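Step one of this worksheet: look at the structure below.
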Amino acid sequence: MAKDKTLFTCTECGGSSAKWLGKCPSCGAWNTLIEGVAESVGTGKNRFAAPLSLAGSSPVQKLGEIEASDVERTPTGHEELDRVLGGGIVEGGVVLIGGDPGIGKSTLLLQALDSLQRAGTSALYVTGEESSAQVALRARRLGLDNSQVQVQAETQLEKIISTLADQQPRIAVIDSIQTVYSEQLTSAPGSVAQVRECAAHLTRFAKSSGTAIVLVGHVTKEGALAGPRVLEHMVDTVLYFEGDTHSNFRLVRAIKNRFGAVNEIGVFAMTQQGLKGVSNPSAIFLSQHSEPVPGSCVMVTLEGTRPMLVEIQALVDGGGPSPRRLSVGLDRDRLAMLLAVLHRHAGIACADQDVFVNAVGGVRITEPAADLAVMLSITSSLRGKPLPKGFIAFGEVGLAGEVRPAPRGQERLREAAKLGFSTAIIPKANAPKKSQMKDFEGMTIHAVERVEQAMELMRELQRSS
């Protein structure tokens with residue numbers, strides 16, 4: 001019996017090579033080639049032909065003559081999930097959701113399907129990792145008694161598509177795409193070829209039938225979605241579950257969304273009745289101090305279209321000859337840059353000090369608008385003097401010591417004023433006009449252009465408080 005021919009496939013781009021190479025010849029990524037069985041090429045009909053393929057070619061139209069209308073959305077019954085999706089499920093849309101094992105992907109989707117079914121939207125849950133009885137047990141634990149959601153335990157692609165064509169549900173969940181396999185391929189389920197092929201067929205079916213499909217994806221040890229990166233390009237929306245499994249709170253972030261805002265987040269709390277949306281997420285990311293403490297500064301970050309208040313904590317301590325620089329939830333390289341700017345332009349030296357910076361609540365802040373709050377919290381910890389109660393700050397800091405504006409600064413200030421904050425240090429370019437000050441009654445706003453101005457203002461506020 002002839003030995004099966006092997007082929008090495010890249011997990012990043014899906015490119016192939018006849019032999020193992022350290023660097024993928026297609027995309028240049030290192031150590032991404034995985035050995036698999038080469039697929040035989042048939043001479044028959046193309047596997048993407050009808051009924052899985054789309055209709056014939058579309059006519060060519062001028063862009064200005066096309067009637068553009070907003071896509072219709074079906075709310076899932078979970079406000080936070082609808083926010084991340086851009087308003088709800090879109091007909092024919094394909095959503096890919098990934099996250100660590102046990103973080104709550106299947107729980108949230110089962111709750112959403114039950115809400116949709118009770119609202120009159122037909123739903124199908126295809127499970128490839130659990131039996132139907134296990135899914136029913138989870139539903140009972142979540143309090144979804146007498147749920148009418150249809151469940152199918154199946155992993156073969158052709159049977160799944162046949163069921164979708166017969167039942168014609170408005171929304172279907174495939175949990176997970178790594179367990180689905182096609183008979184047209186000989187490689188094992190979860191391989192690059194199988195994941196790419198099955199996702200392509202399911203996407204084509206969704207576009208041709210109008211059924212919205214949600215694919216659950218596994219993640220690698222680095223936290224990225226397992227399988228080829230082309231999988232993320234096929235779908236319309238990519239969502240990531242974030243959060244510590246030891247914490248009660250979960251974040252769902254939109255990495256890609258053709259029907260809504262990117263980087264939008266939804267905040268959920270894990271309870272005995274499943275995941276519940278959190279209407280005021282700022283309360284999660286603020287520590288409850290009875291009195292102000294040194295090294296703490298609140299900032300307003302922007303996640304998608306939502307402004308949120310996050311507390312930045314800093315601890316500066318004697319470090320000896322080899323001081324440490326550690327940040328949690330913030331960029332470590334940016335922390336080193338801010339310390340250099342603080343020394344050069346404000347005369348505050350931390351060269352012989354250990355500096356630890358943390359964003360409370362496990363949130364990750366990637367925008368540079370956190371720079372000013374980080375520098376103020378470090379200075380507060382170094383001097384051992386707390387910032388005044390009800391104080392916030394935001395703004396980007398440049399290498400020349402200038403304080404640059406943050407996008408949508410007015411919305412950030414309104415969110416802080418709504419939650420009762422009374423004092424703010426912000427970039428001068430974000431300062432509201434006199435005609436807009438009525439929106440910020442009770443808040444004292446200090447606009448600065450330079451880092452040294454912000455530090456001097458902080459010292460004055462500390463002396464007067």
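The values are calculated or read from the model by the stated rules, or taken from the named source; none is laboratory data. Predicted model, so just to flag it, every value in this text is computed and none were measured. Using ideal geometry, Cβ is built from the backbone for each residue, glycine included, and neighbour counts are taken over all protein chains shown.
Under the condition of being buried (at least 19 other Cβ atoms within 10 Å of the Cβ) and either touching a residue at least 60 places away in the same chain (Cβ under 8 Å) or over 21 Å from residue 273 (Cβ atoms) (or both), the residues counted in the stretch 145-165 number 4. Does residue 247 meet the test of being more than 28 Å from residue 32 (Cβ to Cβ), under 18 Å from the mean Cα position of the chain (by Cα), surrounded by fewer than 17 Cβ atoms within 10 Å (Cβ to Cβ) and of a type in the set (S, T, N, Q)? Judged against the criteria, residue 247 is a match.
Taken together, 278, 252, 262 contain a single residue that is under 19 Å from residue 310 (Cβ atoms), modelled with pLDDT under 90 and within 17 Å of the chain's Cα centre (by Cα), which is 278. Based on this model, can you work out whether residue 365 counts as closer than 25 Å to residue 252 by Cα and either crowded, with 22+ Cβ neighbours inside 10 Å or not small (Gly, Ala, Ser) (or both)? Considered against the rule, which asks whether it is closer than 25 Å to residue 252 by Cα and either crowded, with 22+ Cβ neighbours inside 10 Å or not small (Gly, Ala, Ser) (or both), residue 365 comes out as yes.
The residue of the stretch 106-121 that is surrounded by the most Cβ atoms within 10 Å (Cβ to Cβ), among those that are farther than 11 Å from residue 274 by Cα, in contact (Cβ under 8 Å) with a residue 40 or more places away in the chain and in contact with a strand residue (DSSP E or B) (Cβ under 7 Å, 6 or more places away or on another chain), is 113.
Within the stretch 141-159, the presence of at least one residue that is in contact with a Gly (Cβ under 7 Å, 6 or more places away or on another chain) and more than 25 Å from residue 92 (Cβ to Cβ) is confirmed. Out of the residues in the stretch 166-176 meeting the condition of being in contact (Cβ under 8 Å) with a residue 60 or more places away in the chain and buried (at least 22 other Cβ atoms within 10 Å of the Cβ), tell me which one is nearest to residue 123 (Cα to Cα). Here the residue is 171.
Exactly one residue among 373, 336 is of a type in the set (A, V, I, L, M, F, W, C), within 27 Å of residue 242 (Cβ to Cβ) and crowded, with 18+ Cβ neighbours inside 10 Å, and that residue is 373.
Kindly evaluate residue 87 against the criterion of being buried (at least 18 other Cβ atoms within 10 Å of the Cβ), out of contact with any helix residue (DSSP H, G or I) (no Cβ under 9 Å at 6 or more places or on another chain) and assigned by TED's automatic domain parsing to the domain that holds residue 230.
Taking the combined requirement at face value, the residue does not satisfy it.
Flag not set for residue 354, criterion: under 22 Å from the mean Cα position of the chain (by Cα), among the acidic types (Asp, Glu) and within 29 Å of residue 242 (Cα to Cα).
Confirm whether residue 35 is part of a helix (DSSP H, G or I), in contact with a strand residue (DSSP E or B) (Cβ under 8 Å, 6 or more places away or on another chain), acidic (Asp, Glu) and at pLDDT 75 or above. No; evaluated as a whole, the condition is false for this residue. Among the candidates 438, 433, 418, the residue that is out of contact with any Leu (no Cβ under 9 Å at 6 or more places or on another chain), at pLDDT below 90 and either within 18 Å of residue 307 (Cα to Cα) or among the aliphatic types (A, V, I, L, M) (or both) is uniquely 418.
Of the residues in the stretch 368-383, not one is assigned by TED's automatic domain parsing to the domain that holds residue 456, part of a loop (DSSP other than H, G, I, E, B) and in contact with a Ser or Thr (Cβ under 8 Å, 6 or more places away or on another chain).
Taking the criterion of being touching a Phe, Trp or Tyr at 6+ places or on another chain (Cβ under 9 Å) and modelled with pLDDT under 95, the only residue of the stretch 166-175 that qualifies is 175. Residues in the stretch 420-432: is at least one surrounded by fewer than 17 Cβ atoms within 10 Å (Cβ to Cβ), assigned to a helix (DSSP H, G or I) and among the hydrophobic types (A, V, I, L, M, F, W, C)? Yes.
Only a single criterion out of (1) surrounded by fewer than 21 Cβ atoms within 10 Å (Cβ to Cβ); (2) closer than 21 Å to residue 113 by Cβ is not satisfied by residue 280, namely (2). What are the pairs with Cβ atoms under 6 angstrom where one residue, in the stretch 60-74, is assigned by TED's automatic domain parsing to the domain that holds residue 89 and without any contact (Cβ under 8 Å) to a residue 40 or more places away in the chain and the other, located anywhere, is aromatic (Phe, Trp, Tyr) and part of a strand (DSSP E or B)? Sequence gap at least six, or different chains. Hits for this filter: zero, empty list.
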